[in-house]
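Everything below concerns the one structure shown next.
The values are calculated or read from the model by the stated rules, or taken from the named source; none is laboratory data. Here the structure is a predicted model, which means the values were calculated and not measured. A quick note on method: Cβ atoms are made from the backbone with ideal geometry, for glycine too, and the neighbour counts reach across all protein chains shown. For accessibility, only protein heavy atoms count, side chains too; no ligands or nucleic acids. Shrake-Rupley method; radii C 1.70, N 1.55, O 1.52, S 1.80 Å.
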Amino acid sequence: MKGRILSGMRPTGRLHLGNYEGALRNWVALQEDYEMFCMIADWHALTTEYEHPQEVRKITKEVALDYVAAGLDPERVTIFVQSDVKQHAELHLLFSMITPTPWLVRNPTIKEQARAMGLIEDEEEVTKINYGLLGYPVLQAADILIYRADAVPVGEDQVPHIELTREIARRFNHLYGKFFPEPEPILTKVPRLPGLDGRKMSKSLGNVVYLSDPPDSVKGKVRTMFTDPMRIKKEDPGDPEVRGCPVFLYHKLYNPNEVLEIEEDCKAARLGCVECKGRLAEKLSEFLGPIQERRREAEAREGYIEEVLEEGARRARSEAEATMEKVRELMGLK
Ligand code: TRP
Ligand code: SF4
(Lines give C-alpha, C1' and ligand atoms only; values in the text may rest on other atoms or scores of the structure.)
(Ligands and ions follow the chains in the order given, each with its own letter.)
Protein backbone atom coordinates (compact mmCIF):
# COMPACT_ATOMS: atom_id res chain seq x y z
CA MET A 1 0.00 0.00 0.00
CA LYS A 2 1.31 3.43 -0.98
CA GLY A 3 -0.45 5.32 1.77
CA ARG A 4 -3.86 6.54 2.73
CA ILE A 5 -6.21 8.70 0.73
CA LEU A 6 -9.59 10.27 1.34
CA SER A 7 -12.04 11.81 -1.02
CA GLY A 8 -15.70 12.66 -1.13
CA MET A 9 -18.62 14.09 -3.04
CA ARG A 10 -21.58 16.15 -2.03
CA PRO A 11 -24.88 14.28 -2.37
CA THR A 12 -26.75 16.84 -4.43
CA GLY A 13 -28.01 14.41 -7.07
CA ARG A 14 -27.49 11.00 -8.59
CA LEU A 15 -24.01 10.76 -10.03
CA HIS A 16 -23.41 11.51 -13.69
CA LEU A 17 -20.65 10.95 -16.22
CA GLY A 18 -19.00 14.23 -15.22
CA ASN A 19 -18.65 12.92 -11.66
CA TYR A 20 -17.37 9.63 -13.00
CA GLU A 21 -14.70 11.14 -15.23
CA GLY A 22 -13.80 13.88 -12.77
CA ALA A 23 -13.35 11.63 -9.76
CA LEU A 24 -14.85 8.14 -9.59
CA ARG A 25 -12.81 6.60 -12.39
CA ASN A 26 -9.67 7.71 -10.60
CA TRP A 27 -10.88 6.42 -7.23
CA VAL A 28 -11.68 3.01 -8.63
CA ALA A 29 -8.14 2.76 -10.04
CA LEU A 30 -6.53 4.02 -6.83
CA GLN A 31 -8.27 1.50 -4.58
CA GLU A 32 -5.75 -1.08 -5.83
CA ASP A 33 -2.76 0.74 -4.37
CA TYR A 34 -4.00 2.86 -1.50
CA GLU A 35 -5.94 2.50 1.70
CA MET A 36 -9.01 4.51 0.73
CA PHE A 37 -11.75 6.39 2.51
CA CYS A 38 -14.64 7.45 0.25
CA MET A 39 -17.03 9.80 1.92
CA ILE A 40 -20.46 11.10 1.11
CA ALA A 41 -20.25 14.71 2.27
CA ASP A 42 -23.83 15.26 3.42
CA TRP A 43 -22.94 18.13 5.77
CA HIS A 44 -21.17 19.85 2.91
CA ALA A 45 -24.33 19.46 0.82
CA LEU A 46 -26.25 21.32 3.53
CA THR A 47 -24.09 24.42 3.01
CA THR A 48 -26.29 25.10 -0.02
CA GLU A 49 -29.21 22.62 0.28
CA TYR A 50 -30.19 23.55 3.83
CA GLU A 51 -33.80 24.09 2.79
CA HIS A 52 -34.12 20.43 1.78
CA PRO A 53 -32.28 18.29 4.32
CA GLN A 54 -34.62 15.33 3.73
CA GLU A 55 -33.71 15.42 0.06
CA VAL A 56 -30.01 15.29 0.95
CA ARG A 57 -30.70 12.21 3.07
CA LYS A 58 -32.45 10.45 0.21
CA ILE A 59 -29.72 11.25 -2.28
CA THR A 60 -27.05 10.07 0.15
CA LYS A 61 -28.23 6.51 -0.31
CA GLU A 62 -28.36 6.92 -4.09
CA VAL A 63 -24.79 8.16 -4.12
CA ALA A 64 -23.66 5.21 -2.00
CA LEU A 65 -25.23 2.90 -4.58
CA ASP A 66 -23.51 4.85 -7.36
CA TYR A 67 -20.13 4.47 -5.62
CA VAL A 68 -20.54 0.71 -5.49
CA ALA A 69 -21.97 0.58 -9.01
CA ALA A 70 -18.98 2.50 -10.36
CA GLY A 71 -16.71 -0.21 -9.00
CA LEU A 72 -15.62 0.82 -5.52
CA ASP A 73 -15.25 -2.36 -3.54
CA PRO A 74 -16.69 -2.01 -0.01
CA GLU A 75 -14.47 -4.85 1.18
CA ARG A 76 -11.40 -2.78 0.38
CA VAL A 77 -12.62 0.80 0.60
CA THR A 78 -14.20 2.47 3.61
CA ILE A 79 -17.38 3.99 2.21
CA PHE A 80 -19.13 6.19 4.75
CA VAL A 81 -21.42 9.15 5.34
CA GLN A 82 -19.79 12.25 6.84
CA SER A 83 -22.55 12.93 9.39
CA ASP A 84 -22.19 9.39 10.78
CA VAL A 85 -18.79 10.43 12.12
CA LYS A 86 -19.47 13.33 14.50
CA GLN A 87 -15.75 13.74 15.14
CA HIS A 88 -15.54 15.68 11.86
CA ALA A 89 -17.69 18.39 13.44
CA GLU A 90 -15.48 18.59 16.51
CA LEU A 91 -12.29 18.92 14.47
CA HIS A 92 -13.97 21.48 12.22
CA LEU A 93 -14.80 23.56 15.26
CA LEU A 94 -11.25 23.40 16.61
CA PHE A 95 -9.80 24.25 13.18
CA SER A 96 -12.14 27.21 12.90
CA MET A 97 -10.37 28.71 15.93
CA ILE A 98 -7.04 28.80 14.10
CA THR A 99 -8.22 29.76 10.60
CA PRO A 100 -7.98 33.47 9.75
CA THR A 101 -11.07 34.72 7.89
CA PRO A 102 -8.97 36.20 5.03
CA TRP A 103 -7.84 32.65 4.14
CA LEU A 104 -11.51 31.85 3.48
CA VAL A 105 -12.58 35.06 1.82
CA ARG A 106 -9.97 34.72 -0.91
CA ASN A 107 -10.94 31.14 -1.85
CA PRO A 108 -11.73 31.20 -5.59
CA THR A 109 -13.78 27.98 -5.62
CA ILE A 110 -16.20 29.22 -2.96
CA LYS A 111 -16.53 32.63 -4.63
CA GLU A 112 -17.24 31.03 -7.97
CA GLN A 113 -19.75 28.60 -6.45
CA ALA A 114 -21.59 31.36 -4.59
CA ARG A 115 -21.76 33.44 -7.76
CA ALA A 116 -22.87 30.52 -9.95
CA MET A 117 -25.66 29.76 -7.48
CA GLY A 118 -26.83 33.35 -7.52
CA LEU A 119 -26.11 33.84 -3.81
CA ILE A 120 -24.00 36.87 -4.68
CA GLU A 121 -23.75 38.93 -7.84
CA ASP A 122 -20.13 39.79 -7.69
CA GLU A 123 -17.35 37.59 -6.34
CA GLU A 124 -16.19 40.43 -4.11
CA GLU A 125 -19.42 40.15 -2.11
CA VAL A 126 -18.32 36.79 -0.73
CA THR A 127 -18.55 37.97 2.89
CA LYS A 128 -22.34 38.07 2.51
CA ILE A 129 -22.72 34.29 2.19
CA ASN A 130 -23.66 32.04 5.07
CA TYR A 131 -21.05 31.22 7.67
CA GLY A 132 -21.31 27.50 6.90
CA LEU A 133 -20.56 27.97 3.21
CA LEU A 134 -17.65 30.30 3.93
CA GLY A 135 -16.28 27.64 6.26
CA TYR A 136 -16.83 24.84 3.75
CA PRO A 137 -13.08 24.34 3.18
CA VAL A 138 -12.42 24.22 6.93
CA LEU A 139 -14.83 21.30 7.22
CA GLN A 140 -13.12 19.74 4.23
CA ALA A 141 -9.74 20.12 5.96
CA ALA A 142 -11.21 18.31 8.96
CA ASP A 143 -12.52 15.52 6.68
CA ILE A 144 -9.07 14.96 5.26
CA LEU A 145 -6.87 15.47 8.30
CA ILE A 146 -9.01 13.45 10.69
CA TYR A 147 -7.84 10.37 8.74
CA ARG A 148 -4.29 11.75 8.48
CA ALA A 149 -4.58 11.20 4.73
CA ASP A 150 -1.43 11.49 2.64
CA ALA A 151 -3.25 12.44 -0.54
CA VAL A 152 -6.62 13.52 -1.88
CA PRO A 153 -7.77 12.56 -5.39
CA VAL A 154 -9.82 15.47 -6.72
CA GLY A 155 -10.47 17.66 -9.73
CA GLU A 156 -8.68 20.93 -10.42
CA ASP A 157 -11.42 23.04 -8.78
CA GLN A 158 -10.68 21.46 -5.39
CA VAL A 159 -7.02 22.47 -5.33
CA PRO A 160 -7.62 25.69 -3.32
CA HIS A 161 -9.35 23.56 -0.65
CA ILE A 162 -6.40 21.18 -0.44
CA GLU A 163 -4.06 24.16 -0.20
CA LEU A 164 -6.07 25.44 2.75
CA THR A 165 -5.97 21.97 4.30
CA ARG A 166 -2.19 22.11 4.15
CA GLU A 167 -2.13 25.58 5.66
CA ILE A 168 -4.36 24.52 8.54
CA ALA A 169 -2.25 21.41 9.14
CA ARG A 170 0.88 23.56 9.22
CA ARG A 171 -0.69 26.03 11.58
CA PHE A 172 -1.92 23.31 13.93
CA ASN A 173 1.48 21.61 13.93
CA HIS A 174 3.18 24.91 14.66
CA LEU A 175 0.86 25.76 17.56
CA TYR A 176 0.41 22.40 19.26
CA GLY A 177 3.14 20.08 18.00
CA LYS A 178 3.83 18.21 14.80
CA PHE A 179 1.02 15.78 14.17
CA PHE A 180 -0.83 16.23 10.89
CA PRO A 181 0.64 15.35 7.48
CA GLU A 182 0.35 17.91 4.67
CA PRO A 183 -1.73 16.04 2.12
CA GLU A 184 -1.12 16.35 -1.62
CA PRO A 185 -3.80 16.51 -4.27
CA ILE A 186 -3.85 13.69 -6.84
CA LEU A 187 -5.31 15.39 -9.90
CA THR A 188 -7.55 13.65 -12.39
CA LYS A 189 -5.69 13.32 -15.68
CA VAL A 190 -8.56 13.39 -18.18
CA PRO A 191 -9.68 16.90 -19.14
CA ARG A 192 -13.08 17.83 -17.83
CA LEU A 193 -15.88 16.03 -19.65
CA PRO A 194 -18.25 18.63 -21.07
CA GLY A 195 -22.01 18.32 -20.83
CA LEU A 196 -24.32 17.63 -23.78
CA ASP A 197 -24.18 21.30 -24.80
CA GLY A 198 -20.41 21.63 -24.43
CA ARG A 199 -20.61 23.62 -21.19
CA LYS A 200 -19.53 22.16 -17.85
CA MET A 201 -21.61 19.07 -17.06
CA SER A 202 -23.88 20.03 -14.21
CA LYS A 203 -27.30 18.98 -12.99
CA SER A 204 -28.47 22.59 -12.78
CA LEU A 205 -27.64 23.16 -16.47
CA GLY A 206 -29.72 20.11 -17.47
CA ASN A 207 -26.92 18.75 -19.67
CA VAL A 208 -25.96 15.55 -17.86
CA VAL A 209 -25.92 11.84 -18.60
CA TYR A 210 -26.60 9.94 -15.36
CA LEU A 211 -24.75 6.72 -14.63
CA SER A 212 -28.19 5.17 -14.26
CA ASP A 213 -29.64 6.42 -17.57
CA PRO A 214 -31.07 3.47 -19.55
CA PRO A 215 -30.19 3.09 -23.27
CA ASP A 216 -33.34 4.91 -24.52
CA SER A 217 -32.60 7.90 -22.44
CA VAL A 218 -28.92 7.88 -23.48
CA LYS A 219 -30.02 7.79 -27.11
CA GLY A 220 -32.42 10.69 -26.62
CA LYS A 221 -29.83 12.77 -24.80
CA VAL A 222 -27.03 12.13 -27.28
CA ARG A 223 -29.38 13.20 -30.08
CA THR A 224 -29.58 16.65 -28.47
CA MET A 225 -25.80 17.03 -28.21
CA PHE A 226 -24.06 20.02 -29.73
CA THR A 227 -21.70 19.28 -32.65
CA ASP A 228 -19.26 21.16 -34.85
CA PRO A 229 -21.22 24.38 -35.54
CA MET A 230 -19.91 24.54 -39.14
CA ARG A 231 -21.63 21.29 -40.06
CA ILE A 232 -25.09 22.47 -40.96
CA LYS A 233 -25.63 19.97 -43.76
CA LYS A 234 -23.98 16.59 -44.08
CA GLU A 235 -22.00 17.90 -47.07
CA ASP A 236 -20.25 20.51 -44.92
CA PRO A 237 -16.85 19.12 -43.89
CA GLY A 238 -16.20 19.13 -40.16
CA ASP A 239 -13.17 19.62 -37.99
CA PRO A 240 -14.29 18.05 -34.72
CA GLU A 241 -10.99 18.24 -32.88
CA VAL A 242 -10.27 21.88 -33.66
CA ARG A 243 -13.84 23.10 -33.20
CA GLY A 244 -14.29 21.02 -30.05
CA CYS A 245 -17.27 18.90 -31.07
CA PRO A 246 -18.51 17.39 -27.77
CA VAL A 247 -19.70 14.23 -29.56
CA PHE A 248 -16.17 13.69 -30.81
CA LEU A 249 -14.73 14.21 -27.36
CA TYR A 250 -17.04 11.50 -26.05
CA HIS A 251 -16.00 9.17 -28.86
CA LYS A 252 -12.40 9.59 -27.74
CA LEU A 253 -13.31 8.29 -24.32
CA TYR A 254 -15.96 5.70 -25.02
CA ASN A 255 -15.12 4.61 -28.55
CA PRO A 256 -11.33 4.85 -28.80
CA ASN A 257 -11.04 2.21 -31.54
CA GLU A 258 -13.11 4.10 -34.07
CA VAL A 259 -12.07 7.61 -33.22
CA LEU A 260 -9.49 8.04 -36.01
CA GLU A 261 -11.90 6.82 -38.63
CA ILE A 262 -14.63 9.09 -37.28
CA GLU A 263 -12.35 12.11 -37.46
CA GLU A 264 -11.40 11.36 -41.06
CA ASP A 265 -14.95 10.66 -42.15
CA CYS A 266 -16.23 13.79 -40.47
CA LYS A 267 -13.55 15.91 -42.13
CA ALA A 268 -14.35 14.36 -45.51
CA ALA A 269 -18.08 14.90 -44.94
CA ARG A 270 -18.66 11.18 -45.36
CA LEU A 271 -20.14 10.77 -41.90
CA GLY A 272 -23.18 12.75 -40.80
CA CYS A 273 -23.80 13.90 -37.24
CA VAL A 274 -26.97 11.82 -36.88
CA GLU A 275 -25.16 8.58 -37.58
CA CYS A 276 -22.14 9.67 -35.54
CA LYS A 277 -24.41 10.28 -32.56
CA GLY A 278 -26.16 6.94 -33.02
CA ARG A 279 -22.82 5.19 -32.83
CA LEU A 280 -21.86 7.13 -29.72
CA ALA A 281 -25.14 6.35 -27.95
CA GLU A 282 -24.48 2.66 -28.48
CA LYS A 283 -20.93 2.80 -27.11
CA LEU A 284 -22.00 4.90 -24.17
CA SER A 285 -24.68 2.41 -23.20
CA GLU A 286 -22.15 -0.39 -23.55
CA PHE A 287 -19.93 1.48 -21.14
CA LEU A 288 -22.75 2.11 -18.66
CA GLY A 289 -24.04 -1.48 -18.84
CA PRO A 290 -21.75 -3.06 -16.22
CA ILE A 291 -22.18 -0.07 -13.92
CA GLN A 292 -25.95 -0.42 -14.06
CA GLU A 293 -25.71 -4.16 -13.60
CA ARG A 294 -23.71 -3.74 -10.40
CA ARG A 295 -26.23 -1.18 -9.20
CA ARG A 296 -29.12 -3.56 -9.83
CA GLU A 297 -27.33 -6.30 -7.90
CA ALA A 298 -26.69 -4.01 -4.95
CA GLU A 299 -30.29 -2.77 -4.93
CA ALA A 300 -31.66 -6.29 -5.08
CA ARG A 301 -29.87 -7.28 -1.89
CA GLU A 302 -32.16 -6.25 0.94
CA GLY A 303 -30.35 -4.02 3.45
CA TYR A 304 -27.02 -4.35 1.63
CA ILE A 305 -26.18 -0.70 1.06
CA GLU A 306 -27.25 0.19 4.61
CA GLU A 307 -24.84 -2.46 5.87
CA VAL A 308 -22.01 -1.10 3.73
CA LEU A 309 -22.54 2.36 5.22
CA GLU A 310 -22.78 1.05 8.78
CA GLU A 311 -19.59 -0.93 8.46
CA GLY A 312 -17.90 2.07 6.79
CA ALA A 313 -19.03 4.36 9.61
CA ARG A 314 -17.65 1.95 12.20
CA ARG A 315 -14.21 1.86 10.57
CA ALA A 316 -14.15 5.59 9.94
CA ARG A 317 -15.27 6.43 13.48
CA SER A 318 -12.56 4.37 15.07
CA GLU A 319 -9.85 6.13 13.00
CA ALA A 320 -11.39 9.55 13.56
CA GLU A 321 -11.72 9.05 17.30
CA ALA A 322 -8.09 7.97 17.57
CA THR A 323 -7.09 11.24 15.86
CA MET A 324 -9.33 13.31 18.10
CA GLU A 325 -7.88 11.79 21.25
CA LYS A 326 -4.45 12.85 20.12
CA VAL A 327 -5.70 16.31 19.10
CA ARG A 328 -7.37 16.89 22.47
CA GLU A 329 -4.22 15.79 24.20
CA LEU A 330 -1.93 18.00 22.07
CA MET A 331 -4.17 20.99 22.68
CA GLY A 332 -4.31 20.27 26.40
CA LEU A 333 -8.07 19.79 26.33
CA LYS A 334 -7.98 16.66 28.45
N1 TRP B 1 -15.69 19.66 -1.91
C2 TRP B 1 -15.78 18.38 -2.54
C3 TRP B 1 -16.59 18.55 -3.84
O4 TRP B 1 -17.33 19.48 -3.98
C5 TRP B 1 -16.43 17.35 -1.67
C6 TRP B 1 -15.64 17.06 -0.45
C7 TRP B 1 -16.01 17.26 0.84
C8 TRP B 1 -14.33 16.50 -0.41
N9 TRP B 1 -15.05 16.84 1.70
C10 TRP B 1 -14.00 16.38 0.96
C11 TRP B 1 -13.42 16.10 -1.40
C12 TRP B 1 -12.76 15.89 1.36
C13 TRP B 1 -12.18 15.61 -0.99
C14 TRP B 1 -11.86 15.51 0.38
O15 TRP B 1 -16.51 17.71 -4.70
FE1 SF4 C 1 -19.07 15.84 -34.40
FE2 SF4 C 1 -19.53 13.43 -35.37
FE3 SF4 C 1 -20.80 15.55 -36.40
FE4 SF4 C 1 -18.23 15.21 -36.80
S5 SF4 C 1 -19.85 13.86 -37.51
S6 SF4 C 1 -19.23 17.11 -36.19
S7 SF4 C 1 -17.56 14.30 -34.90
S8 SF4 C 1 -21.00 14.75 -34.35
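For the stretch 102-163, applying the loop criterion from DSSP together with a ceiling of 10 other beta carbons within 10 Å to the GluC sites (Glu not before Pro) yields Glu121. Contact order normalised by length for the stretch 213-294, with contacts defined as Cα pairs under 8 Å and 6 or more residues apart; what percent is it? Value for the stretch 213-294: 36 percent. Once C-alpha pairs closer than 8 Å and six or more residues apart are averaged by separation and normalised to the residue number of the chain, the relative contact order reads 22 percent. For the stretch 90-218, the relative contact order is 21 percent, taking Cα pairs closer than 8 Å that sit 6 or more residues apart in sequence and dividing their mean separation by the residue count. Computed from the C-alpha gyration tensor, the three semi-axes of the ellipsoid equivalent to the stretch 213-294 are 23, 13, 10 Å, from longest to shortest.
Dipole check for the stretch 213-294: with +1 at the C-beta of Lys and Arg, -1 at the C-beta of Asp and Glu, and the Cα centre as origin, the magnitude is about 260 Debye.
Mind putting a number on the dipole of the stretch 25-113 about its Cα centre? Charges go on the C-beta only, +1 for Lys and Arg and -1 for Asp and Glu, and I need it in Debye to the nearest 20.
Numbers: 8 positive and 14 negative charges, 63 e Å.
The calculated dipole for the stretch 25-113 is roughly 300 debye.
Spatially, the stretch 153-230 and the stretch 26-40 are offset by 16 Å when compared through their Cα centroids.
What percentage of the solvent-accessible surface of the chain, computed with a 1.4 Å probe over protein heavy atoms, is contributed by carbon and sulfur atoms? Write down the numbers at each step before the final one.
Numbers: 8410 of 16350 Å².
After summing per-atom areas, the C and S share lands at 51 percent.
When only the Cβ of Lys, Arg, Asp and Glu is charged (+1, +1, -1, -1), the dipole of the chain relative to its Cα centre reaches about 320 debye.
With every protein chain kept in place and ligands, DNA and RNA left out, what is the accessible area per residue of the chain? Probe 1.4 Å, answer in Å². Kindly include the intermediate steps, with their values, before the conclusion.
Numbers: 16350 Å² over 334 residues.
Value for the chain: 49 Å² per residue.
If Lys and Arg each add +1 and Asp and Glu each add -1, what is the summed charge of the other residues whose beta carbon sits under 13 Å from the beta carbon of Arg317?
Values: positive: Lys86, Arg314, Arg315; negative: Asp84, Glu90, Glu310, Glu311, Glu319, Glu321, Glu325.
So the surrounding residues net to -4.
Among Ala269, Ala151, Ala69, the largest mean-square fluctuation in a Gaussian network model of the chain (Cα springs under 10 Å) belongs to Ala269. Of Ser212, Ser204, Ser7, the residue with the largest accessible area leads and the full order is Ser204, Ser212, Ser7 (1.4 Å probe). Positive contributions from Lys and Arg (+1) and negative ones from Asp and Glu (-1), summed over other residues with Cβ under 13 Å from the Cβ of Arg115, come out at -4. Here's the picture: charge each Lys and Arg Cβ at +1 and each Asp and Glu Cβ at -1 in the chain, and of Thr109, Gly3, Gly244 the one pushed furthest to the positive end of that dipole is Thr109.
Among the GluC sites (Glu not before Pro) in the stretch 285-328, those placed in a DSSP loop whose Cβ has at most 15 other Cβ atoms within 10 Å are Glu302.
Loop-located GluC sites (Glu not before Pro) in the stretch 1-73 (DSSP state not H, G, I, E or B) with no more than 14 neighbouring Cβ atoms inside 10 Å: Glu32, Glu51.
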